[in-house]
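Below you'll find the structure, written out as structure tokens, and then a few comments.
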Amino acid sequence: MAKKGEGKTIQWIRDHLNYQGDDCIAWPFSIDRGVGRGRISHNGKMWWSHRLMCELVNAPPPSPDYHAAHNCGNGHLACMNPKH
């Protein structure tokens, strides 16, 4: 159940923060078809969904120069596995 004021997209991310499987898990919501990445609005800002997952799992990057990369190679398929 989503917390009051949160949508199902952020709740989906919260539900998968501790996912321990090795398989890719695909973002089931809005996807930018040009690049295959999920999109989400959170706290008044548009995010790539995998970037928000990465920051919630690992904390914000030390500078804006850091990128959330996918070691699975499936970022273009909207992979959201927090271990990838």
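The values are calculated or read from the model by the stated rules, or taken from the named source; none is laboratory data. None of these values were measured; they are calculated from a predicted model. Cβ placement follows ideal geometry from the backbone for every residue including glycine, while neighbour counts extend to all protein chains displayed. The area values use the complete protein model at the heavy-atom level, side chains included, leaving out ligands, DNA and RNA. Shrake-Rupley method; radii C 1.70, N 1.55, O 1.52, S 1.80 Å.
The residue list HIS84, HIS42, CYS24 was ranked by how far each Cα lies along the charge dipole of the range 11-84 toward its positive end, using unit charges on Cβ atoms, and HIS42 comes out on top.
Please work out the FRET efficiency for the pair ARG14 and CYS72, using the Cβ-Cβ distance as r and a Förster radius of 22 Å; give the result to the nearest 0.05. E between ARG14 and CYS72, to the nearest 0.05, is 0.55. 3J(HN,Hα) along the range 14-23, derived from phi through the Karplus expression 6.51 cos²θ - 1.76 cosθ + 1.60 where θ = phi - 60°, amounts to 4, 5, 10, 4, 9, 4, 10, x, 9, 6 Hz, with x in place of Gly and Pro. Carbon-plus-sulfur fraction of the accessible area of the chain, 1.4 Å probe, in percent? C and S fraction of accessible area: 51 percent.
No disulfide-compatible partner, judged by a Cβ distance under 4.7 Å, exists for the following cysteines of the chain: CYS54, CYS72. Think of a 1.4 Å ball rolled over the protein heavy atoms: the chain then has 66 Å² of accessible area per residue. TRP47 sits among other residues whose Cβ lies under 11 Å from its own Cβ, and their net charge, with Lys and Arg +1 and Asp and Glu -1, is +3.
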